[in-house]
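A.B. asks: I have a structure I would like to understand better, so I am pasting it below and will then ask my questions one at a time.
The values are calculated or read from the model by the stated rules, or taken from the named source; none is laboratory data. Nothing here was measured: the structure is a model prediction, and the numbers come from that model. When we count neighbours, we look across all protein chains shown, and the Cβ atoms used for this are built from the backbone with ideal geometry, even at glycine.
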Amino acid sequence: MALLSGGLDSTVATALAARTAPVVRALTIDYGQRAAARELEAARAIAAALGIPHQVVHLPFLGELGRNALTQHSLEVPRTRPEELEGAQALARAERVWVPNRNGVMLAVAAALAEGLGAGCVIMGFNREEAQTFPDNSYEFLLAARAALRYSTRGRVTLQSPTVGMDKAELLEAGRRAGAPLAHIWVCYLGEEEHCGQCESCQRLVRALERAGARAWWEAERRQVRRLPGVPSAG
């Protein structure tokens, strides 16, 4: 069972997992996020490309919790620049888009479905880059969640993240080697016709493409996919 948001991290994690064992289901959570329609479109295309059955679970209550710019349209999604992706400014932005216990809730739902289906593992796309500002992306979270699952699923389900030690550029490189359908991903916090190119998630992708030397490859791949817009711009 893979949690598949349609973004870079979960797409690469799912593709890597599928190379070693069958993935019985790709699960996408609609929790009222601004980009839900785009994320679902991307996830469906990615799951289809990987030959994995896709399921959507709606958790609207998550979008009603707290004041965060991912789900509250009255709040502005913070924009950033490449030089502001680390440090105090990144921590402040993380607070503005933090959805209470989002990954914890998603993992609990996925683990329940996995146990019911007889799947022994949930796959999530953590990464060390965003773990600096989002603790539920960290290796420590992964270990703690595994420990909890030993009790909550009677040890029938564990948690794996083949990407947890990677930064975004390394994720891109691993995804390319694995043949992940990266042309379909949607990373933007917004759900417009094109990636905004200015939110933190867009900026991290742009920086990763540059660091991985993958910009030309990415643009060529995206041109082959007409259902989603082109590469996010850095400006």
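A.B. asks: Among the residues of segment 1-57, count how many are surrounded by 24 or more Cβ atoms within 10 Å (Cβ to Cβ), in contact with a Phe, Trp or Tyr (Cβ under 6 Å, 6 or more places away or on another chain) and either in a helix (DSSP H, G or I) or acidic (Asp, Glu) (or both).
C.D. replies: 2
Residue-by-condition table, conditions (1) surrounded by 20 or more Cβ atoms within 10 Å (Cβ to Cβ); (2) modelled with pLDDT under 95; (3) aromatic (Phe, Trp, Tyr):
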position: Thr153; (1), (2), (3): no, no, no
position: Glu173; (1), (2), (3): no, no, no
position: Cys188; (1), (2), (3): yes, no, no
position: Glu193; (1), (2), (3): no, yes, no
position: Gly197; (1), (2), (3): no, yes, no
position: Gly213; (1), (2), (3): no, yes, no
position: Trp217; (1), (2), (3): no, yes, yes
position: Pro229; (1), (2), (3): no, yes, no
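A.B. asks: Which numbered condition in (1) in contact (Cβ under 8 Å) with a residue 24 or more places away in the chain; (2) surrounded by fewer than 21 Cβ atoms within 10 Å (Cβ to Cβ); (3) assigned to a helix (DSSP H, G or I) is the only one that Arg146 fails?
C.D. replies: (1)
A.B. asks: Of the residues Pro60, Pro22, Pro78, Pro53, which is closer than 19 Å to Cys196 by Cβ and not charged (D, E, K, R)?
C.D. replies: Pro78
A.B. asks: Outside any helix (DSSP H, G or I), charged (D, E, K, R) and in contact (Cβ under 8 Å) with a residue 12 or more places away in the chain, is that true of Arg67?
C.D. replies: no
A.B. asks: Right, another one. Within segment 125-138, can one find any residue that is farther than 18 Å from Ala90 by Cβ and not in a loop (DSSP other than H, G, I, E, B)?
C.D. replies: No: segment 125-138 contains no residue that is farther than 18 Å from Ala90 by Cβ and not in a loop (DSSP other than H, G, I, E, B).
A.B. asks: Let me ask something additional. Could you please let me know if Leu172 is closer than 19 Å to Leu16 by Cβ, in contact (Cβ under 8 Å) with a residue 12 or more places away in the chain and of a type outside the set (Phe, Trp, Tyr)?
C.D. replies: It is true that Leu172 is closer than 19 Å to Leu16 by Cβ, in contact (Cβ under 8 Å) with a residue 12 or more places away in the chain and of a type outside the set (Phe, Trp, Tyr).
A.B. asks: Moving on. Give segment 102-137 a look and list any residue that's β-branched (Val, Ile, Thr), over 22 Å from Phe61 (Cβ atoms) and more than 14 Å from the chain's Cα centre (by Cα), or say none.
C.D. replies: Correct list: Thr133 only.
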